[in-house]
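A short worksheet on the structure shown next.
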Amino acid sequence: MKKVIAPIRRPRVALLIESSRAYGRATLSGIAKYIRAHTQWSISIQEQSLNDDLPHWFKHWEGDGIITRIETPALAGVLKRLNVPTVFLRNVAPGTKAPSILTDNPAVSRVAFEHLRERGFRHFAFCGFNGADYSDERRDSFIQSVTQLSLHCHVFGAKSPVSELSNTAAYEEVGLEDGERVAEWIKALPKPIGLMACNDMRGQQVLDACRASDVTVPDDVAVVGVDNEEVLCDLSDPSLSSVVPNGERIGYEAAALLEQMMAGKKVQFKPSLIEPFGVVTRRSTEVLAIEDRQIAVAARFIREHACEGVDVGDVLRAASMSRSALDRHFIKTMGRSPKDEILRVRLNRAKQLLAETDFSQALIAEKIGFEHAEYLSRIFKKRIGVTPSEFRSRSRAQDQADALPAKLASLKRSV
């Protein structure tokens with residue numbers, strides 16, 4: 001008589017994560033990656049926007065775990081009734097005992113600030129949605145980065161408090177209505193100036209305000225957003241540079257954490273913060289705002305020729321300066337030495353080639369002016385924190401997040 005083996009019961013997991021935005025799609029991709037590598041879940045999911053109401057099926061859903069990023073007051077009541085392990089990808093409400101995995105907003109602001117600073121700006125501004133938690137965190141951290149250099153950060157102020165707004169979409173709607181005030185604020189800013197917007201939607205609104213007030217982007221105002229919503233960034237005029245969150249890692253870590261919770265393991269309820277990848281540079285920040293003309297010549301020469309194997313001696317000849325004067329003025333203006341700037345430009349080009357091509361490390365080393373792939377690997381790990389191979393893998397994973405519909409098809413729906 002044949003022994004009947006009972007099928008293994010798969011944990012039932014609800015994913016309440018928007019598929020309408022790049023951030024949500026990336027987190028879903030990370031969850032899918034974890035499931036393929038480590039476990040089998042029965043997934044309940046449907047396509048939705050960030051601020052949609054709870055899916056009708058969820059009100060009667062009974063399962064084992066939840067990963068959520070939605071913004072709705074109704075969620076708290078349902079979660080209390082279900083009393084199942086839950087991982088939040090947004091800030092949790094006060095008193096809620098659940099872990100969260102979030103983008104490191106202070107790190108996002110530091111990356112945005114450095115992106116603007118390395119272009120030579122000495123004036124900085126921030127435009128966000130006052131009252132939105134993520135915007136306020138990014139604003140405060142951006143201000144901190146600016147003031148640490150004894151500089152002043154100009155901040156767009158809300159006409160009236162908007163903290164009573166319930167979700168991200170509501171803040172963005174307010175942003176669409178205050179374009180005239182943003183335009184007047186931009187007119188009064190010192191120029192040239194580097195401006196961080198709290199997200200890409202706000203960045204697009206800032207670019208519209210610049211155009212309405214006849215302010216040139218990026219020469220007068222350079223703008224960087226957050227989230228790298230590629231379609232929105234490319235539709236902006238000019239195209240919008242943007243900080244790229246590591247959404248896939250957030251999703252992967254959230255799935256791993258939920259797996260532990262469903263197995264009965266105790267976890268810490270404090271937020272876990274994930275740093276962003278970096279900045280995708282588009283036309284809105286393609287500028288050098290340097291008042292010292294010789295340093296501007298030196299910086300531009302490095303940007304255009306760093307990967308051709310040039311050294312500081314070549315920069316000296318291009319800028320017609322002595323070594324001591326170049327080092328002193330370059331560090332004062334750019335915050336780093338000419339030698340470090342050459343290396344920074346080379347490594348940025350290496351990151352681009354790793355992300356966008358299948359070139360070998362040896363060929364990439366040659367294309368950025370290094371003689372040996374071993375040196376590229378060593379200096380890349382030291383400066384970037386991961387090996388070239390690890391960086392390529394992470395970049396490919398982020399690109400695959402945009403193929404979400406196909407990934408969702410691989411998840412078993414049980415709605």
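Counted by Cβ distance under 10 Å from Ala365, the other residues give a net charge of -1, where Lys and Arg count +1 and Asp and Glu count -1.
I'd like the distance between the alpha-carbon centres of segment 126-152 and segment 169-219, rounded to an integer number of Å. That distance is 16 Å. Could you calculate the FRET efficiency of Tyr375 with Arg396 from 1/(1 + (r/R0)^6), where r is the beta carbon distance between them and R0 is 22 Å, rounded to 0.05? So, using R0 = 22 Å, E works out to roughly 0.40.
GNM, the chain, Cα, under 10 Å: largest mean-square fluctuation among Pro338, Pro245, Pro190? The residue that fluctuates most here is Pro190.
Rounded to the nearest 20 debye, the dipole magnitude of the chain is 1860 debye, with +1 charges on Lys and Arg beta carbons, -1 on Asp and Glu beta carbons, and the Cα centre as origin. Relative to the current alpha-carbon distance between Ala74 and Arg10, full extension at 0.36 nm per residue lengthens the span by 20.3 nm. Full extension of the segment from Lys266 to Ser360, taken as 0.36 nm per residue of separation minus the current Cα-Cα distance, would add 29.5 nm. Report, ordered by chain and residue number, the aspartates and glutamates lying within cross-link reach of Lys382, taken as a straight Cα distance under 16 Å and ignoring same-chain residues fewer than 8 apart. Correct list for Lys382: Asp340, Glu341, Glu374, Glu390.
Note on Glu62 and Gln46: the extension gain reaches 4.2 nm, defined as 0.36 nm multiplied by sequence separation minus the Cα-Cα distance.
Shape summary: segment 293-382 maps onto an equivalent ellipsoid whose semi-axes, from the alpha-carbon gyration tensor, are 26, 12, 11 Å in decreasing order.
None of the figures in this text is laboratory data; all of them are computed from the coordinates on show. These numbers come from a predicted model, not from an experiment. Because the Cβ atoms are built from the backbone with ideal geometry, glycine has one as well, and the counts that use them run over all protein chains shown.
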